[in-house]
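Notes to accompany the following structure.
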Amino acid sequence: MEVATQPGRTLASLSPGDSGIVESFVFGSLRTLCGDLGIRQGETVRCRAGTAGVLILDTQDGHIVSVARDWARFIRLESARAT
């Protein structure tokens, strides 16, 4: 499993098998919608599958959810932390 490490990366850029830590949401309404789905700031999500229009994700709390790639472009992922 590969963790998203490139600066400026968004949820929409994940490929199947990749994971990332949600850094922020561009819109407050998107934060609310994603919270209802189980996608929250600071939590890890993993891409199970994806099409041109939809991502299927595993959430940190064990749920499987779908998110439109158009919306996923507005969910930023954290860059890798220096160790």
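Give the residues of segment 37-57 that are closer than 15 Å to Glu23 by Cβ and either of a type in the set (Ser, Thr, Tyr) or out of contact with any strand residue (DSSP E or B) (no Cβ under 9 Å at 6 or more places or on another chain) (or both), sorted by residue number.
Here is the first cut: in segment 37-57, the residues closer than 15 Å to Glu23 by Cβ are 39-45.
The answer is Thr44, and nothing else.
Conditions (1) touching a residue at least 60 places away in the same chain (Cβ under 8 Å); (2) surrounded by fewer than 17 Cβ atoms within 10 Å (Cβ to Cβ); (3) of a type in the set (S, T, N, Q); (4) touching a Lys or Arg at 6+ places or on another chain (Cβ under 8 Å), marked per residue:
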position	(1), (2), (3), (4)
Gly8	yes, yes, no, yes
Gly17	no, yes, no, yes
Ile21	no, no, no, no
Cys34	no, no, no, yes
Gly50	no, no, no, yes
Gly53	no, yes, no, yes
Thr59	no, no, yes, no
Val65	no, yes, no, no
Asp70	no, yes, no, no
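Got a sec? Which strands (runs of 3 or more DSSP E) wholly within the chain have at least 3 residues that are at pLDDT 90 or above and among the small types (Gly, Ala, Ser)? If you could, list the steps in order and put the result at the bottom.
On the way: elements: 18-25, 44-50, 54-58, 64-68, 75-77.
Passing ranges, in order: 18-25.
The values are calculated or read from the model by the stated rules, or taken from the named source; none is laboratory data. Since this is a predicted model, take the numbers as computed values, not measurements. Cβ coordinates were reconstructed from backbone atoms using ideal geometry, including for glycine residues, and neighbour counts include every protein chain displayed.
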